[in-house]
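J.: Here it is: the structure, laid out below.
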Amino acid sequence: MSLLQISISASVFILAVIFLRSLLIHKLPKMTFMFLWGVALIQLLVPVSVQSQFSIFTAAEHISGMYTAPKVISAPESSTFINGTTVIMPPITEHVTAPIMPLKTASQISPFVWVWFVGFTMCALFFIIPHLRYRKIYKMAVPIRNDFIRKWQLSNLLWRDVQIRQLDYISTPLTYGIFRPVVLLPKNLDYDDEKQLALILTHEFTHIKRFDTLKKWILATSVCIHWFNPIVWVMYILANRDIELFCDETVIRKFGENMKPSYARALVRLEEKKIGLSPMISSFSKNSTEERIISIMKIKRITITTTLLAIGLAACVVVIFATSALDKTESATGVDEPIAYSEPSLYQGAITTQIVPALSQGGTTTDLMPHDLTFNKKYDVPKLIDSLMASKYRAVYMDNEIYLRVMMDNTVQISKDNGAVWKKYDTDEVDAKEFAKWLLINDPIPGYSMKEVQTRLANGAEVKHLVFENVKEMYFIIDRNGVQIELVQPEKISSVLIDGQRMMITSAISAQMLKSFYDLLVSNHILSETLAEQDYSERINYLEKNLPNFIVTK
């Protein structure tokens, strides 16, 4: 998924958590919301999605499929002419008989990437500069000589060495540092009030035990990466509040509910008077003190019922809002793996003769290229292409051995049992510049605009490569405009393909195989049964009328 898709997907979950928080913040254990914010951070920072049939996105896809009909665009008839054994569609074919000067390959960075990077940098500086400035001030703190604090610390040892120091600059207690944490206490604090000191120290040590400073850094990182998303900023604010609420709850449960009034009064007395503290510290008092006081006074004993309710609600929210739409792809058993070479055959010798083994054995370029009949996007199959682009697939291919589809995230899936089970396959990447040279020399009649393909390759299109056991190879030209598939094979096989730019059908294809291809489009929700039957009939009628030897009936 792209960064924008990740951000939007996580926003749906964050909104669900915000809604749940507004209703139940004072009724559920605060750990519930810390867990949910943790799931939100995983969504924002880890580009991996978990699929679920109960996901809201699965339901949305199902509803969309029920009520969304593919666009119907009238298409004028186009003419064809035959050049040897190859049927060429004039509007999209450009004859290239000799290599032209290679286009300059430019790994251009999108303006959107630059905008994101500038925003990321400014956001990172927003957090880092105040932190570094205040760290210098915090280092001026001096050790505290107080018997009660010394005894309290000895009875509450942690595995990390914690320093408790005093600083004149601050007016409220705070903690900073992750691996060498420091608790800073203001100089004007009432050090004779041992009850208040115990509450403050317990609060700060709870932050240290839970690595709350590290949590704040992770939250800040998510904000920097998704700075353009206001919902992530809202999450940052609320998650920081909940860190404090969770800490308050822990302190009250440790000292007993009869300490709630004393703890609330301590909060009021220690209300922060100065603003501008670094967001990378955990302080005893934060903004929204009113919410904290209300939460403290409403803290109740956790029961089994409350615990089960919290677990159930959290699980439901995660499953429904934090998972992605269900893909019916399963792990295939007994399916042959394609042979993955670390260096594709594109680099095994001179481009003109050894891009594939068959070429070096005397085969001709034409024998290897399956572009027998191409129906172009603009004139011949606009309905098909529009329906493909409206689906979650970017290309679909079928021959007598495999079914293949390219997903919206450009992953390749293959089925060897007529589409019953699909399996994802890894691809190699090849150099777009070298591929552009090879394409000019070896594929002068590709069935689509050579100039357009060369421009795409020059402007940063990726080229992915897949090799099969029978020496058949596929190259996938991928950019934001779509996917184009180039098939290389030692001998021709019957196949049919749509890839967002064209529909390609090889000679000697059977009517049944073409029908199976349309059935595949229907089963993948690319075409409705009505439109599939209509387009299939038009394709068969055209071939029988214009090219009677092109299709075999069996």
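No lab work stands behind these numbers, since they all come straight from the coordinates. Treat the numbers as computed from the prediction; the structure is a model and nothing was measured. In this analysis, Cβ positions are derived from the backbone assuming ideal geometry, glycine residues included, and neighbour counts consider all displayed protein chains.
J.: So how do Cys247, Cys123 line up by other beta-carbon neighbours within 10 Å, fewest first?
T.: Details: Cys247 23, Cys123 19.
The fewest-first ordering by Cβ neighbours comes to Cys123, Cys247.
J.: Counting only DSSP beta bridges with both residues in the stretch 458-554, what percent are antiparallel, rounded to the nearest 5?
T.: On the way: 16 of 18 bridges.
Close to 90 percent.
J.: Further question on the same structure: What is the fewest-to-most order of Thr306, Thr323 by other Cβ atoms lying within 10 Å of their Cβ?
T.: On the way: Thr306 15, Thr323 21.
Ascending Cβ contact count within 10 Å gives the list Thr306, Thr323.
J.: Listed highest first by mean packing, meaning other Cβ atoms within 10 Å per residue, what order do 289-295, 212-218 come in?
T.: 212-218, 289-295
J.: Using 0.36 nm times the number of residues separating Phe179 and Trp159, minus their current alpha carbon distance, what extension gain do you get? It would help to have the intermediate numbers written out before the result.
T.: On the way: separation 20, 0.36 × 20 = 7.20 nm, distance 1.00 nm.
The Phe179-Trp159 span can extend by a further 6.2 nm.
J.: Related question: When the Kirkwood hydrodynamic radius is evaluated over all pairs of different C-alpha atoms of the stretch 391-447, what value in angstrom, to one decimal, is obtained? Kindly include the intermediate steps, with their values, before the conclusion.
T.: Details: mean 1/r = 0.0753 Å⁻¹.
Its Kirkwood hydrodynamic radius stands at 13.3 Å.
J.: Could you give the length gained by full extension between Ser537 and Ala511, i.e. 0.36 nm per residue of separation minus their alpha carbon distance, to one decimal place? Provide the component values of the computation, followed by the final result.
T.: Numbers: separation 26, 0.36 × 26 = 9.36 nm, distance 1.03 nm.
Separation in residues times 0.36 nm, less the Cα-Cα distance, equals 8.3 nm.
J.: Run the numbers on the stretch 487-546 and let me know its relative contact order in percent, using alpha-carbon pairs under 8 Å that are six or more apart.
T.: Numbers: 31 pairs, mean separation 12.4, N = 60.
Computed over the stretch 487-546, the figure is 21 percent.
J.: Going by average Cβ density within 10 Å per residue, which order do the peptides 252-265, 182-195, 503-516, 453-466 take, highest to lowest?
T.: Details: 252-265: 14.7, 182-195: 16.4, 503-516: 18.1, 453-466: 19.9.
Result, highest mean Cβ count within 10 Å first: 453-466, 503-516, 182-195, 252-265.
J.: Follow-up. How do Val268, Val251 rank when sorted from fewest to most other Cβ atoms within 10 Å of their own Cβ? Could you put the intermediate results ahead of the total?
T.: Values: Val268 11, Val251 22.
Fewest-to-most Cβ neighbours within 10 Å comes out as Val268, Val251.
J.: With a ≥ b ≥ c taken as the square roots of the eigenvalues of the C-alpha gyration tensor of the stretch 176-237, please select rounded if a/c is under 1.5 and otherwise prolate if a/b is larger than b/c or oblate if it is not?
T.: Details: a/c = 3.23, a/b = 2.45, b/c = 1.32.
Because a/c hits 1.5 or more and a/b exceeds b/c, the stretch 176-237 counts as prolate.
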